[in-house]
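*Asks:* Take this structure first; my questions come after.
The values are calculated or read from the model by the stated rules, or taken from the named source; none is laboratory data. None of these values were measured; they are calculated from a predicted model. Cβ placement follows ideal geometry from the backbone for every residue including glycine, while neighbour counts extend to all protein chains displayed.
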Amino acid sequence: MGAFVIFRFGDWELDTDVFELRCAGVVRKLEPQVFKLLELLLRHHERVVSKDEILAELWRGRVVSDATLSTCVKAARQAIGDDGEAQRLIRTARGHGFRFVAAVDIAPTTNAAPAAPSPKRTALALLPFDVFSSDAELDYLADGLVEDLTTAMARIPGLLVISRASSFAYKGKRPTTRQVREELGVDCMVEGSLRVVAEQLRINVQLIDTHSGGHLWAQQFDRPMADIFRLQDDIAQAIGQVLEPAVVRESYQHVRTQVSDRNAWLLYQQASGLLAVKGWHPDTFAEAVSLLRQSVTLDPTYGPAQAYLALILALGHRIGLLQDREAARTEGLRAADAALALDDTDSTVLGFAGCALADLGHAPRAMPVLDKAIEQDPSNAQAWAARGAAQIAAGAYATGVADLRHGIKISPLDNRLAVWGSFLAIGLILDGQRDEAIDTARIACRRDTRNHIPHVVLAAALLAAGRHKEARGQVAEAYRLHPQLSATEIKCLVGRQAAEGIVGMGAGGDANR
């Protein structure tokens, strides 16, 4: 669509270089086709853009329904605070097309590396599920499942999820993968169906590559029919728990394949997906740090990479997954300071940097940063979890437990739940809720079977309850998953007293480990 520029109108900016819509500096999620439409209207704001021009630019001349175009225009208006009745920004010229009528300022982008290609983000659409029944309740259930899954998938970093309004234009239809790719501009799509089989509700879900048409993942779920609406959350969570890793893995592989387009954003996204796909181990932490160092070297002004580098270094320092803990501490603090200096208004940057400061022992500095992250975006589950862990470390057990529970509740499919659940269990131990701490730690162990941290915490909870034999089994599992587990790491996780008991049980009782 031409050279990279920033279109400014009121408090809004559309940056064609980094593919972002921002309002007062805050990035707003936007579907690929909606972004293209806004860019087209802004670039030609001095005139009416015809329907044929829009179809040629967005759908390459492919015949699409008027409803599809109307849905795209409606989504564009909603994205910038406009609507079809007011038409303050996008006005309909009946019989002709559409025109952007607000004052527009156009400026070239100031990217440090303007010649670098703009990164392509993985885009996903969740289509309405087919219902093979005349039962209206099943139809409502199917729509609710897709809406819940859309919300859950939208929380995956680096993934663009098409809104329900656009995806549901296909309700009652059977579009081809090519049609969905061309009309919505997505790389992957989710299809599903519901039917009743022998008093059981059967749900089939598949993740499809829209470029090849091949299945990336598929699974079947069977649930009892009794009171199906009470089961909606359970079904959505069950589907999401297996769908989210598949989507993360596909997004991660997609980013890795763009080797010719190495830039700060791609390296940041690769690091983000790495731990979710490969697990929390010393080698994956070291690889994530390496990727993030490359990212900030390529673009030292990219705040998210600086903040995420600070977080990984701080966590590596706290739980011992990086070899040189003191070097990690020094570099982590420097990266957190750099991130906040670059952007102290973005919720993601604030959440990562605030968590890093807390893990590095700077709780008084961390708390206002995390508070601000939550004020900017109340759905930032990572900031809620980080604030909860920081409060527990400061002795405010009940408040910390409440914050961690809230973070887990609003992001029930998060790939970090094993760690968040571990910190929640620690808070419950310290608050005297031993049975609940054991249950919470067991759930955390199931969240990520490759992670040793929940087993260390579960061992501490079992020891606190006097269940030494069970605790010994969890200690053995923690050492199996992380043979280099040290007394210092254990102490950092569960405190001196619990660590003494755990270290004495592990690795042949060698308390000097």
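*Asks:* List pairs: first in the stretch 74-99 and in the same structural domain as Ser167 (by TED's automatic domain parsing) and among the aliphatic types (A, V, I, L, M), second modelled with pLDDT of 90 or more and part of a helix (DSSP H, G or I), Cβ under 9 Å, 6+ apart or cross-chain?
*Replies:* The qualifying pairs do not exist here.
*Asks:* Being surrounded by 24 or more Cβ atoms within 10 Å (Cβ to Cβ) and out of contact with any Gly (no Cβ under 6 Å at 6 or more places or on another chain) is the filter here, so list the residues in the stretch 387-407 that pass it.
*Replies:* Across the stretch 387-407, the qualifying residues are Arg387, Ala389, Ala390, Gly407.
*Asks:* Something else: Can you tell me which of (1) within 25 Å of Pro454 (Cα to Cα); (2) surrounded by fewer than 19 Cβ atoms within 10 Å (Cβ to Cβ); (3) under 20 Å from the mean Cα position of the chain (by Cα) is the one Thr345 doesn't meet?
*Replies:* It fails just one condition, (1).
*Asks:* Another question about this same structure. If you check Leu413 against the conditions, is it modelled with pLDDT under 90 and hydrophobic (A, V, I, L, M, F, W, C)?
*Replies:* In short, yes.
*Asks:* Give all pairs with beta carbons closer than 6 Å in which a residue from the stretch 343-368 that is farther than 19 Å from Gly407 by Cα meets a residue that is crowded, with 22+ Cβ neighbours inside 10 Å; count only pairs at least 6 apart in sequence or on separate chains.
*Replies:* Once the first residue is farther than 19 Å from Gly407 by Cα and sits in the stretch 343-368, its partners that are crowded, with 22+ Cβ neighbours inside 10 Å give Asp343/Gly303; Asp343/Val349; Leu360/Ala314; Leu360/Gly332; Arg365/Leu357.
*Asks:* Also: Criterion first (on the phi > 0 side of the Ramachandran plot and in contact (Cβ under 8 Å) with a residue 60 or more places away in the chain) does Gly279 satisfy it?
*Replies:* It is true that Gly279 is on the phi > 0 side of the Ramachandran plot and in contact (Cβ under 8 Å) with a residue 60 or more places away in the chain.
*Asks:* Still on this structure, I have one more. Among the residues of the stretch 213-225, is any touching a helix residue (DSSP H, G or I) at 6+ places or on another chain (Cβ under 7 Å) and at pLDDT 85 or above?
*Replies:* Scanning the stretch 213-225 turns up at least one residue that is touching a helix residue (DSSP H, G or I) at 6+ places or on another chain (Cβ under 7 Å) and at pLDDT 85 or above.
*Asks:* What residue, among those in the stretch 35-48 that are in contact (Cβ under 8 Å) with a residue 40 or more places away in the chain and outside any loop (DSSP other than H, G, I, E, B), is surrounded by the fewest Cβ atoms within 10 Å (Cβ to Cβ)?
*Replies:* Only one residue fits best here, namely Arg43.
*Asks:* If you scan the stretch 280-327, which residues turn out to be at pLDDT 85 or above, small (Gly, Ala, Ser) and either outside any helix (DSSP H, G or I) or out of contact with any Ser or Thr (no Cβ under 9 Å at 6 or more places or on another chain) (or both)?
*Replies:* Within the stretch 280-327, Ala286, Ser290, Ser295, Ala310, Ala314, Gly316, Ala327 qualify.
*Asks:* If we scan the stretch 145-166, do we find a residue that is in contact with a His (Cβ under 8 Å, 6 or more places away or on another chain), part of a strand (DSSP E or B) and at pLDDT below 75?
*Replies:* no
*Asks:* Given the conditions (1) more than 17 Å from the chain's Cα centre (by Cα); (2) part of a helix (DSSP H, G or I); (3) closer than 24 Å to Arg28 by Cβ, and given that Ala271 satisfies all but one, which numbered condition is not satisfied?
*Replies:* Result: Ala271 passes all but (1).
*Asks:* Return the residues of the stretch 372-404 that are modelled with pLDDT of 95 or more and of a type in the set (D, E, K, R); say none if nothing qualifies.
*Replies:* Arg387, Asp403
*Asks:* Which residue pairs have Cβ atoms under 6 Å apart, sit 6 or more places apart or on different chains, and have a first residue in the stretch 6-34 that is farther than 18 Å from Ala75 by Cα and a second that is at pLDDT below 85 and assigned to a strand (DSSP E or B)?
*Replies:* Ile6/Ala107
*Asks:* Among the residues of the stretch 362-376, is there at least one that is polar (S, T, N, Q) and out of contact with any Ser or Thr (no Cβ under 7 Å at 6 or more places or on another chain)?
*Replies:* Checking the stretch 362-376: not a single residue is polar (S, T, N, Q) and out of contact with any Ser or Thr (no Cβ under 7 Å at 6 or more places or on another chain).
*Asks:* Between residues in the stretch 458-487 that are part of a helix (DSSP H, G or I) and residues that are modelled with pLDDT of 90 or more and among the polar types (S, T, N, Q), which pairs lie under 7 Å by C-beta distance while being six or more apart or on different chains?
*Replies:* Matching pairs, first to second residue: Leu458/Gln474; Ala459/Gln474; Leu462/Gln474.
*Asks:* Oh, and also: Quick one: would you say Gly316 is closer than 18 Å to Thr284 by Cβ and not assigned by TED's automatic domain parsing to the domain that holds Arg22?
*Replies:* For Gly316, the condition - closer than 18 Å to Thr284 by Cβ and not assigned by TED's automatic domain parsing to the domain that holds Arg22 - is met.
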